[in-house]
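The values are calculated or read from the model by the stated rules, or taken from the named source; none is laboratory data. Predicted, not measured: the structure shown is a model, and the values here were computed from it. All Cβ positions, even for glycine, are placed from backbone atoms using ideal geometry, and neighbour counts span all protein chains on display. The area values use the complete protein model at the heavy-atom level, side chains included, leaving out ligands, DNA and RNA. Shrake-Rupley method; radii C 1.70, N 1.55, O 1.52, S 1.80 Å.
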Amino acid sequence: MRAAQTVRTAGAPGPTRPRAAHPVLWAAFAALAGGAVLCVLGWYGVSGERFAERQLPYLASCTVPGAALIVAGAVLLTHGRSALAAARVEELYGLLVATGTTEDDERPKAPVATSGALLMVPGGTLWHRADCPLVAGKPEAVPADATILAAGALAPCPVCEPERPEPGAPPAAPEPAPGP
């Protein structure tokens, strides 16, 4: 199976994108339209004749080839869409396994949150560090209760990944936010 051809966008050094007008899809639409026209002409010719022996030429020359073109167009349409989908999957796979590094990849990643104070939102299901972006600046965030954390009723936040406090240790006080 031949993959869809690709084009580069003007001036873009990045990956290629599938060509919008795939030739197999155009052929499918043309076959479907031609088949529909032939079927209509065959029906019109058959409807004007009273006797069956005079209707047969219209069936043989218009309706049967029209139906064949409709079937061929449906097959081409299915093939064209699957080829286009395969080309898109190949492009996504290429992007996924690309080994090139960018400037962002070379910089060391800083942790999202480093505070020792733990907060929770009443009615929430997670506990967070005080400087976690999910609770930073939220007035409803309160210091995490050690008994709730010890009972395992709350899960650690997947963003800031706080460490579970030692049982019996006093909760760390929230650090004051730097003001202007």
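Tabulated results
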{"read-out": "Selected residue (only one of 74, 98 is out of contact with any Asp or Glu (no Cβ under 6 Å at 6 or more places or on another chain), open to solvent by less than 80 Å² (accessible area, probe 1.4 Å) and at pLDDT 85 or above)", "value": "74"}
{"read-out": "The range 26-56, subset among the β-branched types (Val, Ile, Thr) and open to solvent by 40 Å² or more (accessible area, probe 1.4 Å), residue nearest to residue 75 (Cα to Cα)", "value": "37"}
{"read-out": "Members of the range 136-150 that are modelled with pLDDT of 85 or more and surrounded by 19 or more Cβ atoms within 10 Å (Cβ to Cβ)", "value": "141"}
{"read-out": "Condition met for residue 173 (modelled with pLDDT under 80, in a loop (DSSP other than H, G, I, E, B) and out of contact with any His (no Cβ under 7 Å at 6 or more places or on another chain))", "value": "yes"}
